[in-house]
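Notes for the one structure printed next.
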Amino acid sequence: MAVPALVPPRLVFLSGAGLSAESGVPTFRGADGLWEGHRIEEVATPEAFQGHPEFVHRFYNLRRAALKMVEPNAAHRAIVRLEREWPGAFLHITQNVDDLNERAGATRLLHMHGELRKARCLACRVVMRWEDDLEITTSCPSCGGTGTLRPDIVWFGEMPYYIDEILRALETVDVLVCIGTSGVVYPAAGFVRMAEQKGCQKRIEVNLQSTGVDGRFTEQRLGPATQEVPRLVEALLASFTAKPS
Ligand code: APR
């Protein structure tokens with residue numbers, strides 16, 4: 001009897017602020033929430049930047065500088081291990097704007113909400129790596145314009161990056177893993193349902209607490225990401241070591 005070839009399930013990971021929390025990057029909606037003291041409209045909308053660019057620059061300058069004080073954690077490293085060892089399709093979509101996944105070695109990674117360590121010029125549209133502070137007097141190295149650079153962050157009311165690639169991946173995903181995201185900010189909040197509608201049978205949540213109250217997830221692993229993600233990665237890899245005899 002012919003043995004059917006084993007096809008590795010296609011994996012998509014979606015991460016949020018909880019993935020980097022144990023590295024010391026504050027989450028958005030936790031007790032130490034980043035928005036504490038700031039209304040979202042003050043710092044995370046195009047209107048805020050138009051009205052008070054110095055204030056918005058200062059907010060992101062502090063966050064960019066804080067990246068120098070943090071390191072990837074065991075959850076970032078476990079996801080990279082999976083990326084390297086998984087024999088099939090793998091994609092990590094992150095809402096995080098830190099660079100901890102890359103520093104752990106990630107390559108199959110999409111930053112749907114932009115990156116703190118990048119700047120974008122509103123005049124020439126060039127996106128460039130940016131390590132230092134941005135000021136309203138900073139000149140664009142590409143076109144020479146002054147005051148035209150902004151953090152390359154997707155603000156409320158703006159279109160997230162890589163939507164076409166993400167929707168394509170959700171069409172065919174077999175296992176969707178959501179790590180450390182509260183699931184309240186769209187479009188990412190709708191990805192689990194979208195994947196389910198396209199036939200994704202295994203939808204796993206890793207979080208300190210359950211957000212899947214409406215049954216979106218088929219499996220929940222409740223606990224800190226640094227403990228739960230390495231365990232999950234181990235289990236996923238073990239599930240695919242069985243070879244046809
Ligand atoms: N391990 C696992 N989960 C954790 C941990 C941890 N150590 N710490 C916190 N969490 C969970 C929280 O329970 C919460 O569900 O991570 C989630 C963080 O939620 P949010 O702060 O809302 O972050 P996120 O879902 O990434 O926010 C989405 O909102 O403001 C925007 O653009 C911003 O990308 C961000 C988007």
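The values are calculated or read from the model by the stated rules, or taken from the named source; none is laboratory data. This one's a predicted model, so the numbers in the text were calculated from it and none came from an experiment. When we count neighbours, we look across all protein chains shown, and the Cβ atoms used for this are built from the backbone with ideal geometry, even at glycine.
Would you mind stating whether Val25 is crowded, with 18+ Cβ neighbours inside 10 Å and either modelled with pLDDT of 90 or more or assigned to a loop (DSSP other than H, G, I, E, B) (or both)? Break it down into steps so the answer makes sense when it comes.
Numbers: crowded, with 18+ Cβ neighbours inside 10 Å: yes; either modelled with pLDDT of 90 or more or assigned to a loop (DSSP other than H, G, I, E, B) (or both): yes.
In short, yes.
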Query - segment 9-22, residues that are more than 16 Å from Val192 (Cβ to Cβ) and outside any loop (DSSP other than H, G, I, E, B) - result: Leu19, Ser20, Ala21
Query raised in the report: Any idea how many residues of segment 205-222 are more than 22 Å from Glu83 (Cβ to Cβ) and either within 10 Å of the ligand (Cβ to nearest atom) or assigned to a helix (DSSP H, G or I) (or both)?
Result: 5
Requested in this report: Identify all residues within segment 78-101 that are out of contact with any Leu (no Cβ under 7 Å at 6 or more places or on another chain), without any contact (Cβ under 8 Å) to a residue 60 or more places away in the chain and not hydrophobic (A, V, I, L, M, F, W, C); write none if there are none.
Outcome: Glu83, Arg84
**Report entry** Matching residues, segment 90-112, being surrounded by fewer than 20 Cβ atoms within 10 Å (Cβ to Cβ) and out of contact with any helix residue (DSSP H, G or I) (no Cβ under 8 Å at 6 or more places or on another chain)
**Finding:** Glu102
Query raised in the report: So how many residues does segment 183-204 have that are touching a strand residue (DSSP E or B) at 6+ places or on another chain (Cβ under 8 Å), within 13 Å of the ligand (Cβ to nearest atom) and over 19 Å from Asn101 (Cβ atoms)?
Result: 1
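Being modelled with pLDDT of 95 or more and at positive phi: is that true of Gly180 here?
Working: modelled with pLDDT of 95 or more: yes; at positive phi: yes.
Criteria met by Gly180.
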